[in-house]
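Encoded as structure tokens, the structure appears first; notes follow it.
The values are calculated or read from the model by the stated rules, or taken from the named source; none is laboratory data. Note that the structure is a prediction, hence the values are computed from the model and not measured. Cβ: placed from backbone, ideal geometry, glycine included. Neighbour counts: every protein chain shown. To get the accessible areas, we keep the full protein, side chains included, count just its heavy atoms, and leave off ligands, DNA and RNA. Shrake-Rupley method; radii C 1.70, N 1.55, O 1.52, S 1.80 Å.
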Amino acid sequence: MKRLVMVWGIVSLFAPFVCVAGDQVAVDQQAATEFFEKKIRPLLIQRCDECHSTDKADDSGHLALDNRTSLLAGGSRGPALVAGKPDESLLIKAVQYTDTHLQMPPEGKLVAAEIELLSKWVKDGAFVPDYGKETKKQAKEIDWVAARKFWSFQSLNRPPVPSLNVQPQPELHNPIDPFVIEQLAASDLKQSAAADKRTLIRRVSFDLLGLPPTPEEVSEFLADDQPDAYERLVDRLLASPHLGERWARYWLDLARYVDFTPDWQKATDRAWMYRDWVARAMNEDRPYDEFVRLQLAADLIPDAQPREFAALGFLGVSPVYWKELKLAPSVIEVIVADEWDERLDTVSRTFLGLTVACARCHDHKFDPISTRDYYALAGVFASTQVADRPLLPLAIGEQVVDARAKIDKLQDALKKQKEKDSDEARKLQQQIDEIRQATPQVDSPLVPVVEDSSVYIVADGPDATKLEYRRRQARDLPVFRRGNPANPGEIIPRRFLELFPSTIEASETTSASREAASTRLEPFRNGSGRLELADALLRQGKALTARVIVNRIWTHHFGAGLVKTPSDFGQQGERPTHPQLMEWLASDFAEGSNAAPWSLKQLHRMIVTSATYRQSSSSTGNRSASIDPENHQLSRMNRRRLEIEPWRDALLNVAGSLDDRMEGSSADLDQQTNCRRTLYGRIGRDEQNDMLRIYDFPPPTSHSPSRDITTTPLQQLFVFNSDFVDQQSTRLAKRLLESGEQSTSQRIAHCYEILFQRTPRLQEQEIGARFLAAMESSSELERWRRYVQSLIGLNEFMFVD
């Protein structure tokens, strides 16, 4: 216990704290900064800045909320915030209107969601980022020439592969290795030795397929002494249909995928068709540029096949917020604007690695993104609505949707008929039958997609609202001053970010003509502008788009990216650990050299066949553990814990339970009969499965760039107490008992081969034999079940070396 207390004391000593009033509260600075910049600062500017800015604080209780020092100091009444204690904070009391003498803002109480945000912020520590003596801000006018010199905003420029003069000669397998070794040499470090073949096949099998190799596959690989044995193994894995199941899940985290939504929303019971489309696209190695265009605008691409409309689920499964139409239009306007903001944020962070949503109320505090840029892109999403559509040609699909709408209206009228045999009831039923007969495909399944349609919020009486949808009609948005839709300013045409210049024609050779071209802002004219936005991501934003996806793929293979902030390539993000390697990979990926451009499979192959990837993860006898403990220079492989999906899938696989059927509807993971891969488990937006939640599955309420890995007692308790693990342990125990192996040592060896793809050490054999012998009073099946379950709880089953 003393040791536990001492360790906790050390951890606490180095934890970041917020010092407002009251107790110190430990805070995750990166997450807290993002929450403050996205949620709290815009709210303070929108609701409080008019009276509580620095230049007006003297007339408003000496309380300024637009800079860190004044915000933490408070005003004439004392500190406005008590970290961790919203009930004791003057700011929260004021906005809750609990004190008749202290009610802010005076013109009317904030809506409940805004009060909840402020309360959560204070409860979590009231963190306010410190950017130095003064708040770091962009200049009033963005210097675009200077802004475009930032590393991630520059055009692709493929660097030459380094020529090495290193002794002894390092192992080189492809161009990745010279870039890494050059930096290692500069830090007086060397490559680690290559991992053994057993480690390699386990590593690459989990990385590419999310499943362990079978004992037979391991034996075959170990026996293959051809020099290209590993490359052939990689090619076999890349051709497996299980590749798409593994890598689709990574993408679905970014897309905040769900299988169902709250009952007040439209049903999304066919969202799985988007999930399956992503997996197929990965298996088919759809070029990434095509992959992007289809997800944003499949319905606007002339030659797109109807089955591709499922790709629109990227936006079609977006969160839809509850709109109580008995409230005033000003309230509903904010909720609708929040939906646009969420979709813009997801698109910009997923494809560009930029936090464009931070420019909603003011120019971005750190990156060259203006409020005008924000509303130019927000107009695209204001002109796009979530819809349900069949996977049919557009014209036929329209007929089906119209027919269903008519049938729904007639059925509602039919339900109101008290006499079901009345003339009126028969007439209604006849009309329904006629529509069905005229529209043979009326019962085609509907999938969540998007369509070009604008929504307008209009008054419906003095204090009520109605939503007016205008299909096939786009709209440009005004700048909402301070993010307030009730305070509109200049209307901004829909377009791409000003940061990325329009394509410069070859004829524009003078510096003046190039400067003019670089500031040319072409408005979107094709409907909502979704297709033009997708094209802009792949043309003007090509370099950044390529860097972001290359970094995401690298991250999942190495456990850490070349850029450690996968969805923030701006000023607040990390700089690349290997800038030249990043440029070479992004250039090779987007432009192609030995392979077709934008090929994700070729990118996988390049990475996993490199000597850098094949290194051992051991740091024993390696100086890098002390010189580079976080392994930024890649002198060894990172040991990684499996995510919940491959861990659960591996358990099903080794138990012989795995149902490897692909595609189709999702099922609850708690069902004992559900032995399909975890990809096919039902995902809810607000209701999380306990197993997923315990093992760090990200809530799909918003874009998730990475998973926060935790180690908690609940995880080990789950291994030893859950029905699922118990069931799979029993099945593996039966498999061992029915394998034909007679002796205890043979069964232990077979168990290790299945679970860990290796033979047990002598000590492990002895421990296993003693464990089994100690339970002589139990049945043979029960003894082996307990033994198997204890091995499943080992780190070796959950980690990949």
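Side notes on the structure shown:
- Label-point gap, in nm, between A31 and F799 - each point 7 angstrom along Cα→Cβ: 2.3
- When Rg and the Kirkwood Rh are both derived from Cα coordinates, the Rg/Rh ratio for the stretch 576-671 amounts to 1.09.
- Computed magnitude of the charge dipole of the stretch 540-641 (debye, nearest 20; Cβ of K, R +1, Cβ of D, E -1): 400
- In order through the stretch 757-774: 3J(HN,Hα) via Karplus (6.51 cos²θ - 1.76 cosθ + 1.60), integer Hz, x for Gly, Pro: 6, 7, 8, x, 6, 4, 5, 5, 4, 5, 5, x, 5, 5, 4, 5, 5, 6
- Spatial separation of Cα centroids for the stretch 216-294 and the stretch 427-456, in angstrom: 33
- Centroid-to-centroid, using Cα positions, the stretch 179-205 and the stretch 751-772 are 29 Å apart.
- Legend: residue pairs K93/K466; K123/K466; K564/K601, Cα-Cα distance threshold 31 Å; pairs beyond threshold, K93/K466; K123/K466.
- Computed log10 I(q)/I(0) for the stretch 679-763 at 0.11, 0.19 Å⁻¹: -0.50, -0.97, from the Debye equation with unit scatterers placed on every C-alpha and solvent omitted.
- Global geometry of the stretch 381-438, whether rounded, prolate or oblate, following the gyration tensor of its Cα atoms and the 1.5 cut on a/c: oblate
- Counted without the sites themselves, the longest stretch of the chain free of chymotrypsin sites (Phe, Trp or Tyr not before Pro) in a DSSP loop having at most 15 other beta carbon atoms within 10 Å is 323-801.
- Volume of the Cα convex hull of the chain, divided per residue and given in Å³: 234
- Binned Cα-Cα distance frequencies in the stretch 610-767 - 10 Å width, integer %: 9, 27, 31, 25, 9, 0
- Unit charges at the beta carbon, dipole of the chain: most positive-side option, I549, S729, L794: L794
- Positive-end ranking of I607, A403, V455 along the dipole of the chain, with charges on Cβ about the Cα centre, is headed by I607.
- Accessible surface calculations at 1.4 Å, restricted to protein heavy atoms, place the stretch 638-708 at 40 Å² per residue.
- Cα gyration tensor shape of the stretch 368-480, rounded if a/c is under 1.5, else prolate or oblate by comparing a/b with b/c: oblate
- Mean accessible surface per residue for the stretch 516-570, computed with a 1.4 Å probe while every protein chain stays in place, in Å²: 27
- With all protein chains modelled, accessible area of I491 [1.4 Å, Å²]: 110
- In this structure the stretch 404-491 gives 65 Å² per residue of accessible area when probed at 1.4 Å with all protein chains present.
- On the chain, 51 percent of the accessible area sits on carbon and sulfur atoms, based on a 1.4 Å probe.
- Here is the list for the stretch 555-607: GluC sites (Glu not before Pro) lying in DSSP coil, each with at most 16 other C-beta atoms within 10 angstrom of its C-beta, are E574.
- Other-chain or far-sequence residues with amide H under 5 Å of R685's (modelled H): F260
- Dipole in debye (nearest 20) - the stretch 259-384, about Cα centre, beta carbon charges: Lys, Arg +1; Asp, Glu -1: 140
- Taking amide H as placed 1.01 Å from N in the peptide plane, the amide H of D388 sits under 5 Å from that of V449, each at least 5 places away or on another chain.
- Whether the stretch 542-581 is rounded, prolate or oblate, judged on the alpha carbon gyration tensor where a/c under 1.5 counts as rounded: rounded
- Pairwise FRET efficiency - K415 versus R158, Cβ, R0 = 56 Å, nearest 0.05: 0.30
- Rounded Å value of the spacing that divides the Cα centres of the stretch 535-608 and the stretch 144-170: 13
- Here the chain is assigned +1 on the Cβ of each Lys and Arg and -1 on the Cβ of each Asp and Glu. Its dipole about the Cα centre then comes out at about 520 debye.
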